[in-house]
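Comments concern the structure below.
Each value in this text was obtained by applying a stated rule to the coordinates, not by laboratory testing. Note that the structure is a prediction, hence the values are computed from the model and not measured. A quick note on method: Cβ atoms are made from the backbone with ideal geometry, for glycine too, and the neighbour counts reach across all protein chains shown.
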Amino acid sequence: MVTSADPTMTRANGKSAARRRFGVDTLRSRLRRAKSSWSGQSKGESGAVLILALAYLMVISLTVAAVTSWAANDLGNTTHFNTTSQLHYAVSSATNTAIESIRYVPMPSATPAQKTQLALQACWPPTSGSVSQLTIDGYGVTVWCSTYEDNTQSTTRVVTLYACLTTSPASTSAQCQAKPYLTAVATFDDYPSGGLSTLLVQCNQQNGQCGYGQTINSWDWA
């Protein structure tokens, strides 16, 4: 005997199947939306990472360029500093040579007019010509001296020295005096500590000894 299905059960089963299909469809839809969202986020993050990488490379490039420029400047400054130091050493050495020479061997060799500033002349007897010149560390330096003498004073001689580079336009004594690289003033006392009568002639003409005392009054770079 065949019994017909209960209509109420059939409708319930249909509704249940419909709910299941709706649930499955809803889950699939949500999964697709989530996948699409994840894909968009992944693309957005990739773009952000690329921008950060480019910014990082730009910062590194600028830093390397700045460090390279700084290092090049330091190397250039070191070279300039060494060159300037050598030049100062050459000029100072030539000037000191002139001071030590004229201290014991006054120039001119004859007694000059008293209390008179003499014209510029050699600071030491040159090996040739009439110019006191030395070459130190590749720099040629010429030194000119002008003496003021007063044998009645303990500061017997006041000598002004002008040092110039031999290769500079200041090739003559007048040009060097107008634009010296270094100007120094030295005072010499030609009287011995035991005392001596007033010098009537220049010390090297009277007793063969000069420069018992020495004072550097000034040392001025141009």
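Each residue, Ser109 and Thr166, gets one label point 7 Å from its Cα in the Cβ direction; the gap between the two is 2.3 nm. The length gained on full extension between Thr152 and Val49, counted as 0.36 nm times the residue separation minus their Cα-Cα distance, comes to 28.0 nm.
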